[in-house]
1. Assigning unit charges at the beta carbon (Lys, Arg +1; Asp, Glu -1) and nothing else, what dipole magnitude in debye, to the nearest 20, does the chain show about its Cα centre?
2. So how do PHE81, PHE150 line up by other beta-carbon neighbours within 10 Å, fewest first?
3. Once both labels are modelled 7 Å past Cα along the beta-carbon direction, what's the SER228-THR287 spacing in nm?
4. In nm, what is the difference between 0.36 nm times the number of residues separating ASP189 and SER160 and their Cα-Cα distance?
5. How large is the translational diffusion coefficient of the stretch 245-370 in µm² per second when you combine the Kirkwood radius over alpha carbon pairs with Stokes-Einstein at 10 °C and 1.306 mPa s?
6. If you rank ASP316, ASP343, ASP96, ASP255 by fewest surrounding Cβ atoms within 10 Å, what's the result?
7. On a 0 to 90° scale, report how tilted helix 256-274 is relative to the longest principal axis of the chain, with both axes built from alpha carbons and the result rounded to the nearest 10.
8. How much length is gained on full extension from SER131 to ARG370, taking 0.36 nm per residue of separation minus their Cα-Cα distance?
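Nothing in this text is a laboratory measurement; each read-out follows from the coordinates by a stated rule. No experiment lies behind these values; they were computed from the predicted model shown. Because the Cβ atoms are built from the backbone with ideal geometry, glycine has one as well, and the counts that use them run over all protein chains shown.
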Amino acid sequence: MNKGWKLLIAAALLLSAAALLLISAACSEQGTAPAQTSEPSVESQQSRLDAIKARGHVVCASNNSIPGFGYVDEGGNNVGFDIDLCRAVAAAVLGDASAIEIIPVHATEMGATIQSGDVDMLVRTVTRSSSRDAKWGNFAYTMYYDGQGFMIRKSEGISSALDLRNAAVCVTQGTTTELNLQDFSKLYDMNIQALTFEKTDAAVEAYRAGQCDAFTTDHSGLYAYKSSLPQSDSHVVLPETISEEPLAPVVPHGDEGWTDVVNIVMAIIIYAEAYGVTSQNVPDALTGNTKVDRLFGLAGSYGQETLGISPTAAQDVIRSVGNYAEIYHRSLGDNGIGLPRGDNSRNALWSAAPCDDCPKGGQIYAAPLR
Ligand SMILES: N[C@@H](CCC(=O)N[C@@H](CS)C(=O)NCC(=O)O)C(=O)O
């Protein structure tokens, strides 16, 4: 074969290979596109709210071993501050606060659980942070402002977290606590040795058994676990708070309507306290106070129709679960683990301030319901 023919054949082969490549690329593009069906599946059409209404209960990932926040009472019931937030959502969307299913999850399971979309809400002493916001789901209003601290044996004779140089500290894995401890140790060059445990119960047990000099978690958790230790008076919580831990419910990404519903239920709880309405005095007839009448579905609207909840959802929520103060005191305050709230603590209502621009009051706040 002469040189000219060889070149011609090579060019022809190249052209047909290119054509094949083009065809296969076009085919694979078609192949990766979502399959076209004559009707989209019910699942893809159905909002989470519709799915919950059809299912008949709200599924919350929570906790069953943290006194005050999520635990099992003597009667075998899931109770606590976080559980009440789940009950409030069930009351708002189904008219029945008991229509809940609690799935206990450990700290290391929190992210994957809410990312899976298999639960309607994650509500278990979860701190909101920017990377969790981006990766895990949508955070609702902060319902408890916490911060990380340390518990030590009184016999250690130290009075400040800055005295924990070279100390062994017990901590739960997969928490903001673990990361804050590293930051704190680095910042003050303290050489703290972290002993990590998958379950907080195991971290507390190791601390109790003397394997660690200190135990660290959110302040609320320190008080809760301290009360469960034998001779609890021989342990002390150090005064420092080393981090911000705004605790809030989380809902899966991808359903804005559902995020709105959960946020508005949190707002209902907060505004009922601000308006002085408790589980004992929920109005079912006009009161003449326009804000109260709107909240309880007696006149006007705060968007219930658009949200897909009953106009009188707030009546169901407050009658069955109570306002923020009632929920707080039942589980965290005097009737619970004894965490003081106080008018000027961060967990007081913003409206506890004596005037609109006073630097007092608390940070429990929600956008106006109207
Ligand atoms: N707020 C922190 C800490 C959450 C946390 O670990 N809380 C402890 C109790 S204070 C807990 O849930 N322990 C139960 C468990 O072992 O799963 C976070 O969101 O990472």
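1. Working: 25 positive and 42 negative charges, 163 e Å.
Dipole about the Cα centre, nearest 20: 780 debye.
2. Details: PHE81 25, PHE150 28.
The most exposed by this proxy come first: PHE81, PHE150.
3. 3.8 nm
4. Numbers: separation 29, 0.36 × 29 = 10.44 nm, distance 1.51 nm.
Computed gain between ASP189 and SER160 is 8.9 nm.
5. Working: Rh = 15.5 Å.
After rounding, the answer is 103 µm²/s.
6. Working: ASP316 23, ASP343 12, ASP96 15, ASP255 19.
The fewest-first ordering by Cβ neighbours comes to ASP343, ASP96, ASP255, ASP316.
7. Here the helix axis deviates by roughly 10 degrees.
8. Details: separation 239, 0.36 × 239 = 86.04 nm, distance 3.13 nm.
Net length gain for the segment: 82.9 nm.
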